[in-house]
Amino acid sequence: MQNAPNIVLTGVESTGKSELALLLAQHLRRPLVAECARQYLQYIGTNYAPHDVENIARLQTDAIRHTAQHSPIVADTDALVCKIWYEHKYQRPSALINYLFQQSQQQNTLYVLPHLDDCPYTPDPLRETPDPSERLHLFRLYLQALTNARCRFVIPRGNPIERLRQVLRE
């Protein structure tokens, strides 16, 4: 188990990441690092600023680093989500978030990028991208970022159990 990779869910909001992360953590009997953004935004509200996205990236990275000290983990997002979110919303990069993402690439990690087609968008006060064309654009940004960073990743499709099986085959 020591050489087993950390598994990190990444990608567009409302694609089943949290559900799949929970299934993977339960099946593999690994600690689950929850998404920090939801709790953070529930506390401060949806009128957030660039420094808030950087704080979320820092909190998420610290939670992953702390939890993964002794065993492989499943993480419901990491700095990559904050990187795409920040760059899409503010039309510029964040040096801090880019640094955090680069640091995370040094870990033994399997990224899981759930496909859009299998999960209809579910409205939520914290979600910002209901438009299908914008969601597809974001999916392509994630795909490009993972490819450019030479990350190991899988794009599972289907219902939650089919997705779980596809990730476990990796």
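Summary of values
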item: Residues that are over 25 Å from E170 (Cβ atoms), surrounded by 20 or more Cβ atoms within 10 Å (Cβ to Cβ) and under 16 Å from the mean Cα position of the chain (by Cα), drawn from segment 86-130; result: Y86, I97
item: Residue within segment 93-107 that is in contact with a helix residue (DSSP H, G or I) (Cβ under 8 Å, 6 or more places away or on another chain) and under 20 Å from L20 (Cα atoms) present; result: no
item: Enumeration of residues in segment 1-32 that are surrounded by fewer than 16 Cβ atoms within 10 Å (Cβ to Cβ) and basic (K, R); result: R29
item: Tally, over segment 34-54, of residues that are open to solvent by less than 20 Å² (accessible area, probe 1.4 Å) and either of a type in the set (F, W, Y) or within 21 Å of C119 (Cβ to Cβ) (or both); result: 2
item: Cβ-Cβ under 7 Å pairs, at least 6 apart or on other chains, segment 38-50 side aliphatic (A, V, I, L, M), far side surrounded by 11 or more Cβ atoms within 10 Å (Cβ to Cβ) and part of a loop (DSSP other than H, G, I, E, B); result: L41/Y48; L41/L126
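The values are calculated or read from the model by the stated rules, or taken from the named source; none is laboratory data. Just so you know, these numbers come straight off a predicted model, no measurement behind them. Ideal geometry is used to build each Cβ from the backbone, glycine not excepted, and the neighbour counts take in all protein chains shown. When the accessible area is computed, the model is the full protein with side chains, heavy atoms only, and any ligands, DNA or RNA have been set aside. Shrake-Rupley method; radii C 1.70, N 1.55, O 1.52, S 1.80 Å.
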